[in-house]
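The values are calculated or read from the model by the stated rules, or taken from the named source; none is laboratory data. A quick note: this is a predicted structure, and the numbers were derived from the prediction, not measured. All Cβ positions, even for glycine, are placed from backbone atoms using ideal geometry, and neighbour counts span all protein chains on display.
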Amino acid sequence: MLSFSARAALLAFLLLIASCFVDASRAQSPPRRATTCNGSPDLCNRSFGNVTFVGAHDSYAVGVNSLATNQDYNITQQMNDGIRMLQMQTHNLSGVIQLCHTSCSLYNGGPLSTYLATVKSWLNVNPNEVLSLLIVNSDDFPPTAYDAVFKGAGLDTMSYTPPSASMPASQWPTLGSLIDSGKRLITFMDASADFNTVPYIIDEFINIWETPFDVTTTFDCSVNRTQGDSSTQMYLINHFLDSFVLGQPVPDVSQANQTNAASGQNSLGQQLSLCVSENGRSPNFMLVDFYEYGGGSVFEVAASANGVSYSPTTPIATPIPTSSSTTGSSNDAMPMSARWSVASVMVTSFTFAALHLL
């Protein structure tokens, strides 16, 4: 029979061996593998540069009965419903990066810091989603200023950094690998991006080309803005219809159901088909106003382009009735009479801004 000291030594030895097995098991645990990516298992092995995403034009400009807004619902609802690119316009308000529409006196959507905190919260509870941001850097903040705000929101560690300043569409990583790595936020900026100082804020126009914007007639697929090779870049279609009110382009909500439709004259589906026929591939991003008009048709168009089915687990939001209309369905668009009631405010703001620059 073993002595007490010998038994104690043997027990200690066995515990040591067991702990080694546990550590080895942990070390050999396979890395995370995403099985559903942006709502579909079929997209996990698809390159980010080979997926079509729906984007919200001026995603922060939310409200009804205003010519200065482009969306009815806040960004949390937008993302819950399927928006996967959030476009925004930034301005300098007393040194703070602020989300404003043309000028902060016209529409002030709050500081970028608050907006990014909302993005971070949503990403935390949606771990199988890849999201893009598109920043219109109107007042040319340096990328280091954005870096500070991203770090404050905890988004710098979730941001994807490409291996080089520009990449063709074919060389972007898969959605699955982005999700597995935890780098699920991809940020583009239209001006003043600098790969050498903040590499995760990506120069838009050396990676993406865009079609014309502020369209008031019919949509086409011509290259409107780029600083790279449009034959190999990803591309974005601006699919939001404007009308002129007192000489200024404003969102034409009265046509939103048809503009966002999957088929028909001047529809999103029609523009996508035209772009595929001209470019041999689908657009990567489709920016729309009032995305919920059409009852989910914008997401149907994207799903069709991606070769997957569109089957939301919950119904998406519906258009918000305006205060000027007390009858009719929830799909009623804002009457032009109501829009004219705020037109003078918009024109006054433009005039004030112009005089201020003289």
*asked:* For segment 92-128, which positions are in contact with a Leu (Cβ under 8 Å, 6 or more places away or on another chain), over 17 Å from residue 151 (Cα atoms) and buried (at least 20 other Cβ atoms within 10 Å of the Cβ)?
replied: 99, 100, 109
*Residues in segment 149-166: is at least one touching a Gly at 6+ places or on another chain (Cβ under 9 Å) and either within 17 Å of residue 52 (Cα to Cα) or β-branched (Val, Ile, Thr) (or both)?*
yes
*2 or more residues under 24 Å from residue 33 (Cα atoms): qualifying strands (runs of 3 or more DSSP E) within segment 129-213*: 131-137, 185-189
*strands (runs of 3 or more DSSP E) wholly in segment 228-276 with at least 2 residues that are more than 15 Å from residue 214 (Cα to Cα) and modelled with pLDDT of 95 or more - which ones?*
234-238
*Can you name the residue in segment 129-140 that is over 30 Å from residue 180 (Cα atoms) and among the charged types (D, E, K, R) and is also surrounded by the fewest Cβ atoms within 10 Å (Cβ to Cβ) among such residues?*
140
*Would you be able to say whether some residue in segment 224-231 is in contact (Cβ under 8 Å) with a residue 40 or more places away in the chain, touching a helix residue (DSSP H, G or I) at 6+ places or on another chain (Cβ under 9 Å), farther than 26 Å from residue 65 by Cβ and surrounded by 16 or more Cβ atoms within 10 Å (Cβ to Cβ)?*
no
*The one condition in (1) in contact (Cβ under 8 Å) with a residue 24 or more places away in the chain; (2) within 26 Å of residue 312 (Cβ to Cβ); (3) aliphatic (A, V, I, L, M) that residue 125 fails to fulfil*: (1)
_Residues located in segment 173-209, provided they are surrounded by 16 or more Cβ atoms within 10 Å (Cβ to Cβ) and either without any contact (Cβ under 8 Å) to a residue 12 or more places away in the chain or more than 28 Å from residue 44 (Cβ to Cβ) (or both)_ = 177, 190, 192, 193, 198, 205
*So which residues in segment 242-256 are closer than 24 Å to residue 133 by Cβ and hydrophobic (A, V, I, L, M, F, W, C)?*
256
*Going by the structure shown, is residue 256 buried (at least 22 other Cβ atoms within 10 Å of the Cβ) and within 21 Å of the chain's Cα centre (by Cα)?*
yes
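Consider segment 278-295. How many of its residues are closer than 27 Å to residue 174 by Cβ and either among the polar types (S, T, N, Q) or surrounded by fewer than 21 Cβ atoms within 10 Å (Cβ to Cβ) (or both)? If you could, list the steps in order and put the result at the bottom.
Taking segment 278-295 as the starting set, the residues that turn out to be closer than 27 Å to residue 174 by Cβ are 278-288, 291.
With the extra rule that they be either among the polar types (S, T, N, Q) or surrounded by fewer than 21 Cβ atoms within 10 Å (Cβ to Cβ) (or both), the set shrinks to 278-282, 284.
Of the residues in segment 278-295, 6 are closer than 27 Å to residue 174 by Cβ and either among the polar types (S, T, N, Q) or surrounded by fewer than 21 Cβ atoms within 10 Å (Cβ to Cβ) (or both).
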*What is the number of the single condition among (1) in a loop (DSSP other than H, G, I, E, B); (2) surrounded by 17 or more Cβ atoms within 10 Å (Cβ to Cβ); (3) without any contact (Cβ under 8 Å) to a residue 60 or more places away in the chain that residue 83 does not meet?*
(3)
*Go through segment 47-74 and count every residue that is in contact (Cβ under 8 Å) with a residue 60 or more places away in the chain and at positive phi.*
2
